[in-house]
Amino acid sequence: MQAKAAVNQKSGNILNNAFASHFAKSMFLSVTALAILSFIGTRMFTHVDLNLYGYMVGTIVFIGGFFYRFIAWGERPPTKLILKKGLKLLFRKSTPKTSVEHLATYNFIWNRGIYRWTQHVLIGWGCILSCFVTFPLVFGWMYFTMDDNGYYNIIAMGMKVMTVPADGIIANLSYNALNITAVMVIAGVCMALYRRLKNMQARAEQKFLYDFMPLYMLLLVSITGLALTFMNIFLHGAGQPAMSLIHQWSVIITLIYLPFGKLAHIPFRPMSILARNYREHYAEQGMKECKVCGDQFVSAEQSKDVVDVLCVNDIEFKAKEGHHLAEMCLPCRRKYRIAQFSGFPTHEVKVKEANQNAKG
Amino acid sequence: MKKRLYLELENCIGCRSCLAACTQCGGHEERNRNYVYDVNPLVNRQTMPLMCLHCENPACARSCPAQAIQIHETGAVLSALVEKCIGCQNCTIACPYGIPKFDQEQNLMYKCDLCIDRTKDGIPPMCASVCPSNTLQWLTDEEIENKKKQFNLDNGKWVTSMPYLEGETNVKVNLPGILQGITKLF
């Protein structure tokens, strides 16, 4: 068993040696995987929708930016630590529940406000569903054929999944999937824009390029997409070729921009599941007791990890008493600072901190 | 003209106006992000405020795996970006002063951002604008220098840094001379 693991590790090293960098390896593997999947999905490239090749190129540029951004980010000491430990703990019992709450139902945003939750669900699920439709079509993982007149075959990964009547419910939902998601995104973006214009708290902090531009980009994508449908149905296709280029351009720009702006939180977000698992797992392993009051305030592992991460950054907070400041609970750490100012050991007085929360 | 938050700790009368004002700042969602402590609660009424000192090399931001804590060009260490914070609470462990607060329900850290919507335009932060006892002041470096001339502490440590703080900070803290038994010469 051990020998096998050693061999595995060795072959892993050999694989790494074949590439100049982490980036090159990730890029090579993902483009290869996309090519193989498309090869299978399109039945050996016989069903490629060449109308969509612009999106294909855009996606590959996007993957380049994505790896550039996220590999650099993953090299930061605290990020690396949570990624490494979190991935090991990925198969905890609570993972499915946490994943659904963080990535699908956004419970934590509900707690920030129902309005914000609604807009986030509309934008988030609108975008996710659009991706589920768009990317399989672009890479040929899903396409439609017609054997009998009036019946469509839905082909997924080269296999016929089902045959549906061309005017049936499923067929209509498929044709209009992107129209539905576009309406969702437009509604969500309008809610978000309204909040950004009216809410004083949002107005205090927002910046045009960081907060507004992604919204306008999503709006542009959705509106040009809907315009395509409009032109097809009501204008008999007039202007459609030009509009499809505008739409393509807006989608590709948004994709390429995605890893670098506010939208980067979409691929970031799964980290919160790793962080939650990390906290839950190590809290079960053993809690750290405050050096002053003895309260258990964080897992021993996380306390140690933070001290190590700060060390890497050349930051070390040693208290005169010999322990690290991160080994004190938060109220004690605050009182300890007061004690440094006044010379009186406030943190050693066994009185709970009082009147710290003002009612707004 | 760059101004700084400047604390004269011994002036504090414990009215907690700064806490109340903090709740009213844009983006603070009616929760205060600063603290007021009794120095020796069972013996006397001396209090001192404690808030984020906006370190020049902030441990919270260094320990954040999501790069959610950004540093503003004015030097203010901002509260976590809501869309980036992943709720690991590293910042609460890293901060040498125990400042960041964490909301379990919202899975979000929040901390003093020096009322960045105000201070970026040179308007004093909420806490400093309401403090009735001049504990919290909003001063230019020159004014702080003038104050330094008024006080003659003669120890080269007039504005606290080491060993009273853990590193250089953007907020300047005046040593409480009275409590330390050092005479203040006005």
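Specify whether the C-alpha gyration tensor of the stretch A:1-156 places it in the rounded, prolate or oblate class, a ≥ b ≥ c being the square roots of the eigenvalues: rounded for a/c under 1.5, otherwise prolate if a/b is larger than b/c and oblate if not. Before the final figure, lay out the partial values.
Working: a/c = 1.88, a/b = 1.13, b/c = 1.66.
Because a/c hits 1.5 or more and a/b fails to exceed b/c, the stretch A:1-156 counts as oblate.
For the pair A and B, how large is the buried accessible area, both sides, in square angstrom to the nearest 100, if the probe is 1.4 Å?
On the way: alone 22540 and 9820 Å², together 26890 Å².
Result for this pair: about 5500 Å² buried.
Shielding of B:39-46 by partners, i.e. mean partner chain Cβ atoms within 10 Å per residue? Mind dumping the intermediate values first?
Values: counts 9, 8, 8, 3, 2, 1, 0, 3.
The shielding value for this peptide is 4.
Within chain A, which DSSP H helices have Cα atoms that stretch 20 Å or more along the helix axis and a mean Kyte-Doolittle hydropathy of at least 0.5?
Numbers: long enough: A:2-17 (22 Å, -0.76); A:22-41 (28 Å, 1.48); A:53-74 (31 Å, 1.13); A:114-138 (35 Å, 1.17); A:169-198 (41 Å, 1.11); A:213-234 (30 Å, 1.82); A:240-257 (25 Å, 0.96); A:271-285 (21 Å, -1.05).
Membrane-span-like by this rule: A:22-41, A:53-74, A:114-138, A:169-198, A:213-234, A:240-257.
Would you please give the residues with an amide H less than 5 Å from that of A:Phe297, counting only those at least 5 places away or on a separate chain, with H modeled from the backbone geometry?
Long-range HN contacts for A:Phe297: A:Lys288, A:Cys290.
What is the stretch A:105-216 by shape, rounded, prolate or oblate, if you read a ≥ b ≥ c off the alpha carbon gyration tensor as root eigenvalues and call it rounded for a/c under 1.5, prolate for a/b larger than b/c, and oblate otherwise? Don't skip to the end; give the middle numbers.
Details: a/c = 3.16, a/b = 2.87, b/c = 1.10.
The shape class here is prolate.
Taking the Cβ of A:Ala326 as the center, what net charge do the other residues with Cβ under 9 Å away carry, scoring Lys and Arg +1 and Asp and Glu -1? Each step should come with its number before you reach the end.
Numbers: positive: A:Lys288, A:Lys304, A:Arg333; negative: A:Glu327.
Charge balance near A:Ala326 sits at +2.
Are there any trypsin sites (Lys or Arg not before Pro) in the stretch A:152-252 that are in a DSSP loop and have at most 12 other Cβ atoms within 10 Å? List them by number. Please report the intermediate quantities before stating the final value.
Numbers: sites: A:Lys160, A:Arg195, A:Arg196, A:Lys198, A:Arg203, A:Lys207; in loops: A:Lys207.
Passing both the DSSP loop test and the Cβ count: A:Lys207.
Determine the distance separating the Cα centre of the stretch A:65-123 from the Cα centre of the stretch A:305-336; give it in Å without decimals.
When both Cα centres are located, 27 Å separates them.
Compute the normalised compactness of the stretch A:249-323: alpha-carbon radius of gyration over 2.2 N^0.38 Å, N being the residue count.
Numbers: Rg = 18.9 Å, N = 75, 2.2 N^0.38 = 11.3 Å.
Working it through for the stretch A:249-323, the quotient is 1.67.
For A:Met328, list long-range residues whose amide hydrogen, built 1.01 Å from N in the peptide plane, is under 5 Å from its own amide hydrogen.
A:Lys291
Using all C-alpha to C-alpha distances in the stretch A:179-271, build P(r) with 5 Å bins and read off the rounded percent in each one.
Final binned percentages: 3, 13, 19, 20, 19, 13, 8, 4, 2, 0.
So how far, in whole Å, is the C-alpha centre of the stretch A:219-263 from the one of the stretch A:34-58?
Cα centroid to Cα centroid, the span is 20 Å.
Tell me whether the stretch A:287-348 comes out rounded, prolate or oblate; compute the Cα gyration tensor, take square roots of the eigenvalues as a ≥ b ≥ c, and use a/c under 1.5 as the rounded threshold. Mind showing how you got there, number by number?
Working: a/c = 2.66, a/b = 1.35, b/c = 1.97.
Oblate.
Provide, in order from the shortest bin, the percent of all Cα-Cα pairs of the stretch A:229-360 in each 5 Å bin, continuing until the bin that contains the maximum pair distance.
The distribution over the stretch A:229-360 is 2, 8, 11, 12, 10, 11, 9, 7, 5, 4, 4, 5, 5, 4, 3, 1, 0, given as percents.
How large a share of the accessible area of the stretch B:1-72, in percent, is made up of carbon and sulfur atoms when the probe is 1.4 Å and the other protein chains stay in place? Provide the component values of the computation, followed by the final result.
Values: 1190 of 2510 Å².
Carbon and sulfur: 47 percent of the exposed surface of the stretch B:1-72.
Just to be sure I understand: of the beta bridges DSSP finds with both ends in the protein assembly as shown, what percent are antiparallel, rounded to 5?
Working: 30 of 34 bridges.
Antiparallel bridges: around 90 percent, rounded to the nearest 5.
Give the average, rounded to an integer, of partner chain Cβ atoms located within 10 angstrom of each Cβ in B:62-73.
Details: counts 10, 14, 4, 17, 11, 6, 2, 0, 0, 0, 0, 0.
For this peptide, the per-residue mean of nearby foreign Cβ atoms is 5.
Compare the Cα positions of B:Ser79, A:Ser38, A:Ala166 along the charge dipole of the protein assembly as shown (+1 at Cβ of Lys, Arg; -1 at Cβ of Asp, Glu; about the Cα centre) and return the one farthest towards the positive end.
It is B:Ser79, whose Cα lies furthest towards the positive end.
Any chance you could give the angle, 0 to 90 degrees and rounded to 10, that helix B:141-150 forms with the longest Cα principal axis of chain B?
For helix B:141-150, the angle is close to 30 degrees.
Per residue, how much accessible surface does the stretch B:54-110 expose to a 1.4 Å probe? Answer in Å², no decimals. Could the numbers behind the result be given before it?
Values: 1560 Å² over 57 residues.
Dividing the accessible area of the stretch B:54-110 by its residue count gives 27 Å².
Give the Rg/Rh ratio for the stretch B:1-117, taking Rg as the radius of gyration of the Cα atoms and Rh as the Kirkwood radius, to two decimals. Please list the in-between numbers first.
Details: Rg = 14.8 Å, Rh = 15.1 Å.
That ratio equals 0.98.
Count the net charge of all other residues whose Cβ sits under 14 Å from the Cβ of B:Leu139, scoring Lys and Arg as +1 and Asp and Glu as -1.
Details: positive: B:Lys2, B:Lys3, B:Arg4, B:Lys147, B:Lys148, B:Lys149, B:Lys172; negative: B:Glu8, B:Asp141, B:Glu142, B:Glu143, B:Glu145.
Residues near B:Leu139 contribute +2 overall.
Per residue, how much accessible area does the stretch A:287-348 show when a 1.4 Å probe rolls over the protein heavy atoms, in square angstrom? Intermediate values should be presented prior to the final figure.
On the way: 2520 Å² over 62 residues.
On a per-residue basis, the stretch A:287-348 sits at 41 Å².
What figure, in Å² to the nearest 10, do you get for the accessible area of A:Thr32 with a 1.4 Å probe and non-protein molecules left out?
50
Leaving ligands, DNA and RNA out of it, report the carbon-plus-sulfur percent of the accessible area of the stretch A:93-134 at a 1.4 Å probe.
Values: 1670 of 2190 Å².
Of all accessible area on the stretch A:93-134, carbon and sulfur atoms account for 76 percent.
Can you work out D for chain A in µm² s⁻¹ from Stokes-Einstein, where Rh is the Kirkwood radius over C-alpha pairs, the temperature is 37 °C and the viscosity is 0.692 mPa s?
Working: Rh = 25.0 Å.
For these conditions, the coefficient is 131 µm²/s.
Rounded to a whole number, what is D in µm²/s for the stretch B:1-69 from Stokes-Einstein with the Kirkwood radius over alpha-carbon pairs (37 °C, 0.692 mPa s)? Spell out each step's value before the answer.
Details: Rh = 14.4 Å.
Value of D from the Cα-based Kirkwood radius: 229 µm²/s.
With viscosity set to 1.306 mPa s and temperature to 10 °C, compute the Stokes-Einstein D of the stretch A:68-110, Rh being the Kirkwood radius across alpha carbon pairs; µm²/s, no decimals.
133
Near B:Gly26, within a Cβ-to-Cβ distance under 9 Å, what is the net charge of the other residues, with Lys and Arg +1 and Asp and Glu -1?
Numbers: positive: A:Arg203, B:Arg118; negative: A:Glu205, B:Asp117.
Overall, the nearby charge balance is 0.
Grab the DSSP H runs of chain A that are 4 residues or longer, score each as -39,500 (n - 2.57), total them, divide by all residues and round the 222 nm result to the nearest 500 deg cm²/dmol. Display every interim value, and only then the final one.
Values: 15 runs with 225 residues, N = 360.
Taken over chain A, the calculation gives -20500 deg cm²/dmol.
If packing is taken as the average count of other Cβ atoms within 10 Å, what order do A:287-294, B:88-95 fall into, highest mean first? Before the final figure, lay out each step's value.
Working: A:287-294: 17.8, B:88-95: 27.0.
The packing order, highest mean first, is B:88-95, A:287-294.
The values are calculated or read from the model by the stated rules, or taken from the named source; none is laboratory data. What you are looking at is a predicted structure, and each value in this text was computed from that prediction instead of being measured. Counting neighbours? That spans all protein chains shown, and the Cβs are built from the backbone with ideal geometry, glycine included. The accessibility values were calculated without ligands, DNA or RNA, using every heavy atom of the protein model including side chains. Shrake-Rupley method; radii C 1.70, N 1.55, O 1.52, S 1.80 Å.
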